[in-house]
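This report concerns only the one structure given below.
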Amino acid sequence: MTWSQRALAAFFAFAGTMHFVIPRSYEATMPPSLPRHREAVIVSGVAEIAGAAAVVAAPTRMLGRWWLLALLVAVFPANVHMAVNPEQVKGLDLKRTPRWALWARLPLQPLAMLWVWRATRD
């Protein structure tokens, strides 16, 4: 495993674990139009951990690539919702988190996708 693959797996394993440690924070970012927030947070947490595990082993790394890319596409609407409608996000303090920071997060998603793509090349 390369350093980048280890870091990628650790990042997604940590992110997935956080879905179970602070689930309400993740639930709050979801658009109200999506049903079953709690279940979606659990599923996305498991999906992140599974993607991390797939990156670790060489035989499943390519599956991990596509899995994590699909996951990043799937969660992007929540990030857009947070930037466009921050007043709808419970617990988000706009005095502590400026609006520009919410918008600045959006370009990070394609960068994360690029990291997944490049780290999983063998």
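The values are calculated or read from the model by the stated rules, or taken from the named source; none is laboratory data. In this text, all values refer to a predicted model and were calculated from it rather than measured experimentally. Cβ sites come from the backbone with ideal geometry, for glycine too, and all protein chains shown count toward neighbours. For accessibility, only protein heavy atoms count, side chains too; no ligands or nucleic acids. Shrake-Rupley method; radii C 1.70, N 1.55, O 1.52, S 1.80 Å.
Hull surface divided by four, with the convex hull built on the Cα atoms of the chain: how many nm²?
The orientation-averaged projected area of the Cα hull of the chain comes to 7.3 nm².
Tell me the per residue accessible area of the chain using a 1.4 Å probe; a whole number in Å² is fine.
Result: 62 Å² per residue.
So, counting K/R as plus one and D/E as minus one, what does the shell of residues with Cβ under 12 Å around PRO23 add up to? Don't jump to the answer; show the numbers that get you there.
Details: positive: ARG24, ARG38; negative: GLU27, GLU39.
Within the 12 Å Cβ shell, the charges total 0.
Compute the signed sum of charges (Lys and Arg +1, Asp and Glu -1) over the other residues within less than 13 Å, Cβ to Cβ, of PRO32.
Computed value for this residue: 0.
How far apart, in nm, are two points set 7 Å out from the Cα along the Cα-to-Cβ line at GLN109 and at PHE14?
2.2
Taking the Cα centre of the chain as origin and charging only Cβ (+1 Lys, Arg; -1 Asp, Glu), how large is the dipole, in debye to the nearest 20?
It comes to approximately 180 debye.
Say each of ALA70 and SER4 gets a label point 7 Å from the Cα, pointing the same way as Cα to Cβ; how far apart are those two points in nm?
2.3
Looking at the chain, which longest stretch skips every one of the trypsin sites (Lys or Arg not before Pro) that is in a DSSP loop with at most 11 other Cβ atoms within 10 Å, leaving the sites themselves out? Intermediate results must be reported in sequence, preceding the final value.
Working: sites that count: ARG36, LYS90, LYS95, ARG96, ARG121.
Maximal segment without exposed cleavage sites: 37-89.
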